[in-house]
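Single-structure report; data block below.
The values are calculated or read from the model by the stated rules, or taken from the named source; none is laboratory data. Keep in mind that this is a model prediction, so the values were computed, not measured. Cβ placement follows ideal geometry from the backbone for every residue including glycine, while neighbour counts extend to all protein chains displayed.
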Amino acid sequence: PIRRTTVPQIASRKGGVPIVSLTSYHAHTAAIVDKYADFILVGDSLGMVMHGMDSTIGVPLDLMIMHGKAVVKGTNKALIVVDMPFGTYEESPAIAFRNAAQIMKETGCGAVKLEGGARMAETITFLVERGIPVMAHIGLTPQSSHVMGGFKTQGREEESWAAHEADAKAVSEAGAFSVVLEGMVEPLAAKITKQIDIPTIGIGASSECDGQILVLEDMLGLNEWTPKFVKVYGDLGPAIERAVQQYADEVKDRSFPSEDEVYR
Ligand code: KIV
Ligand code: NA
């Protein structure tokens, strides 16, 4: 079997060839992404993207595990990182370990991701020392949207930069192998990337980050609206609609199934 990209291999990409990453939630799309991505994130964005939720707050652990399993099964090359959902890691390092271990054991993923900077440093160390690689996630952290008052780009006031820089330093020193920088002004993301020794993965951040990530369904054009930081590389929404529309027409005019699709 082809060996998967390892956590140390991702960590060693600091300052090198940019790390390619996308989210994926199912075996089928993951198999395609696996050909090109260094790591695949099973993000808790699946609550909104796949399950019609308003935010990621309501995503349960078993849903992350179910999608994580599918993505691990569909791939053999990329490192698979699974998000820890809201409420499964914040309370204490011990609870975080229990839930992260369950995610790793049941999905076969190679690492977990959790949101938070300095406040999560102790937990990150606790997990890493016990065999669970951790990717951190700072800047705009959607699980804290109620505290932040919505999804707001971080670092617009320069006075706020020091706190974000301290978060990055804290997760790096705590032993995270990489950190997602989400939704922060470009010069802050570039500055943080220069300041820490672990690779930064940008989303709505900077081209100077050590890698980039996007939500697959966003970049494929499956959502009617996408934020500014998403580049839409595909046109799948309209393509799916055309196919469904043609099928509906052909069912109604009885041209489907035709001679080609029936058994004589
Ligand atoms: O859940 C998710 O998709 C994420 C990425 C946007 C980084 O956390
Ligand atoms: Na997430």
If we keep only residues of the stretch 51-72 that are part of a loop (DSSP other than H, G, I, E, B) and free of Cβ contacts under 8 Å to residues at least 60 places away in the same chain, then the residue farthest from ligand 2 (Cβ to nearest atom) is Gly52
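Would you check if there is a residue in the stretch 80-88 being farther than 23 Å from Leu214 by Cβ and surrounded by fewer than 18 Cβ atoms within 10 Å (Cβ to Cβ)?
yes
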Of those in the stretch 11-34 that are within 15 Å of Thr107 (Cα to Cα) and surrounded by 19 or more Cβ atoms within 10 Å (Cβ to Cβ), the residue farthest from the chain's Cα centre (by Cα) is Ala30
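A quick yes/no check of all residues on (1) within 12 Å of ligand 1 (Cβ to nearest atom); (2) touching a strand residue (DSSP E or B) at 6+ places or on another chain (Cβ under 9 Å); (3) within 24 Å of Asn99 (Cα to Cα); (4) aliphatic (A, V, I, L, M):
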site	(1), (2), (3), (4)
Gly15	no, no, no, no
Val20	no, yes, no, yes
Tyr25	yes, yes, yes, no
Ile32	no, no, no, yes
Phe39	yes, yes, yes, no
Thr75	no, yes, yes, no
Residue list for the stretch 35-46, filter: within 14 Å of the chain's Cα centre (by Cα) and in contact (Cβ under 8 Å) with a residue 24 or more places away in the chain: Ala37, Asp38, Phe39, Ile40, Leu41, Val42, Gly43, Asp44, Ser45
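This table checks each residue for (1) under 17 Å from the mean Cα position of the chain (by Cα); (2) within 11 Å of ligand 1 (Cβ to nearest atom).
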| residue | (1), (2) |
| --- | --- |
| Lys113 | yes, yes |
| Ala118 | no, no |
| Thr123 | no, no |
| Pro133 | yes, no |
| Leu140 | yes, yes |
| Met148 | no, no |
| Gln154 | no, no |
From Ala70, Ala100, grab the single residue that is more than 15 Å from ligand 1 (Cβ to nearest atom), closer than 30 Å to Glu165 by Cβ and either of a type in the set (A, V, I, L, M, F, W, C) or modelled with pLDDT of 95 or more (or both). Ala100
Near pairs, Cβ below 6 angstrom, 6+ apart or cross-chain, from the stretch 127-147 (in contact (Cβ under 8 Å) with a residue 12 or more places away in the chain and among the hydrophobic types (A, V, I, L, M, F, W, C)) to any residue that is near ligand 1 (Cβ under 9 Å from one of its atoms) and assigned to a strand (DSSP E or B): Met135/Lys113; Leu140/Glu182
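Pick out the one residue from Leu222, Leu181, Leu236, Leu214 that is touching a Cys at 6+ places or on another chain (Cβ under 7 Å) and surrounded by 13 or more Cβ atoms within 10 Å (Cβ to Cβ).
Within the list Leu222, Leu181, Leu236, Leu214, the selection yields Leu181.
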Qualifying positions in the stretch 140-157 - in contact with a strand residue (DSSP E or B) (Cβ under 8 Å, 6 or more places away or on another chain) and not in a helix (DSSP H, G or I): Leu140, Thr141, Thr153, Gln154, Gly155
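May I ask you to say which residue of Thr29, Thr88, Thr75 is within 21 Å of Thr141 (Cα to Cα), of a type in the set (Ser, Thr, Tyr) and out of contact with any Lys or Arg (no Cβ under 6 Å at 6 or more places or on another chain)?
Thr88
So which residues in the stretch 109-124 are in contact with a Leu (Cβ under 8 Å, 6 or more places away or on another chain) and either assigned to a helix (DSSP H, G or I) or not small (Gly, Ala, Ser) (or both)? Before the answer, list the steps.
The first filter runs over the stretch 109-124 and keeps only residues in contact with a Leu (Cβ under 8 Å, 6 or more places away or on another chain), leaving 110-113, 120, 123-124.
If the condition is that a residue be in contact with a Leu (Cβ under 8 Å, 6 or more places away or on another chain) and either assigned to a helix (DSSP H, G or I) or not small (Gly, Ala, Ser) (or both), then Val112, Lys113, Met120, Thr123, Ile124 are the ones that fit.
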Suppose we keep only residues that are in a loop (DSSP other than H, G, I, E, B) and within 16 Å of ligand 2 (Cβ to nearest atom) within the stretch 201-220. Which one would you say is farthest from Thr141 (Cα to Cα)? Val215
